[in-house]
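Just so it is clear, none of the values below were taken in a lab; they were calculated from the coordinates. All values reported here derive from a predicted model rather than from experimental measurement. Glycine also receives a Cβ, built like all others from the backbone with ideal geometry; neighbour counts cover every protein chain displayed.
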Amino acid sequence: MTLEVRPDRHLMVREAMEEDLLAVMNINRICLPENYTYGFFETVLRSYPKSFLVAEVDKNIAGYIMCRVERIFSKFQRFKICKAGHVISIAVLPEYRRMGIASLLMKNAMKVLREVYDCSEVFLEVRISNNPAITLYEKLGFVKVDRIKQYYIDGEDAYLMAKELAYSK
Ligand code: ACO
Ligand code: ZN
């Protein structure tokens, strides 16, 4: 499966490698209050390597997305159990934002979740105040399916957002 890239912007999306994890952790710390141990990133990478992606601009890692696969009750069909991709975390360094990098990471990860990991849905949690991210997800076809009270340690609520994945090969 080939990933979609933007050669016009020297933008390349590829699968992450263990050598990238320190750069990924650094981006995570700069961009988000939800941080994880090296071991957590490593476990996600080893478990779901095809949907852990990094975006490189002129060989610099500008952003990442990491996902895992879960069996859940469908957010769209009542009482149906399905395989769903869970976007654990996505971030793009401030100096590389509004270039379409997060959109490209999301589109490629959703393609992998559908075609490689056989997921019929994708979901994520996002802070209710995070308008940039909510706008990004809505543009990609996600809808708010729930609001989780005090999801974050500082007490903020999360929107649970989800999207059905259409099979396209
Ligand atoms: N304000 C309003 N809309 C925005 C903004 C913003 N600051 N940023 C993105 N969008 C919307 C726009 O509609 C944009 O399209 P446009 O530029 O044509 O108007 C669209 O999203 C796509 O934007 P991208 O360029 O693809 O997004 P970007 O590469 O800038 O990354 C991201 C967006 C990941 C939210 C970035 O701002 C970031 O890293 N933020 C901090 C970390 C974060 O919040 N991550 C998500 C947490 S939730 C989770 O991880 C599951
Ligand atoms: Zn989550």
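Take every Cα pair under 8 Å whose residues are at least 6 apart in sequence, average their separation, divide by the length of the range 92-169, and the relative contact order is 32 percent.
Within the range 1-80, report the trypsin sites (Lys or Arg not before Pro) that DSSP leaves as loop and that have at most 13 other Cβ atoms within 10 Å.
Loop-located and lightly packed - K59, R78, K80.
Only lysine pairs 8 or more places apart, or on different chains, with alpha-carbon atoms under 19 angstrom apart are counted in the chain, and they number 26.
Stokes-Einstein diffusion for the chain, with the hydrodynamic radius set to the Kirkwood value over Cα pairs and evaluated at 4 °C in a medium of 1.567 mPa s, equals 80 µm²/s.
Scanning residues 5 or more positions from L140 or on other chains, none has an amide H under 5 Å from its amide H, with H placed 1.01 Å from N in the peptide plane.
For the range 83-169, the set of chymotrypsin sites (Phe, Trp or Tyr not before Pro) satisfying both a DSSP loop assignment and a count of at most 15 other C-beta atoms within 10 Å is given as Y152, Y167.
For the chain, what does the helix formula give at 222 nm: sum of -39500 (n - 2.57) over DSSP H segments with n ≥ 4, over the residue count, nearest 500 deg cm²/dmol? The per-residue figure over the chain is -8000 deg cm²/dmol.
Go ahead and run the numbers for FRET between K50 and D154, Cβ-Cβ distance against an R0 of 30 Å, rounding to 0.05.
Calculated value: 0.35.
Backbone amide hydrogens, once placed in the peptide plane, bring V145 within less than 5 Å of L160, M161, A162, excluding anything fewer than 5 places away on its chain. In order along the range 55-65, the Karplus-derived 3J(HN,Hα) couplings, from 6.51 cos²θ - 1.76 cosθ + 1.60 at θ = phi - 60°, round to 10, 10, 10, 6, 6, 9, 6, 9, x, 8, 9 Hz, and Gly and Pro are given as x. Spin-label model, R78 to A166: label points 7 Å out along the Cα-to-beta-carbon direction sit 2.6 nm apart. For the range 5-79, a Kirkwood hydrodynamic radius built from all Cα pairs, placed in the Stokes-Einstein relation at 20 °C and 1.002 mPa s, yields a translational diffusion coefficient of 156 µm²/s. Compared with the alpha-carbon gap, the fully stretched path from R29 to N130 is longer by 34.7 nm at 0.36 nm per residue. Of the GluC sites (Glu not before Pro) found in the range 66-169, not one falls in a DSSP loop while having at most 10 other beta-carbon atoms within 10 Å. The alpha carbon gyration tensor of the range 86-169 gives principal lengths a ≥ b ≥ c with a/c of 1.5 or higher and a/b no greater than b/c, which makes the shape oblate.
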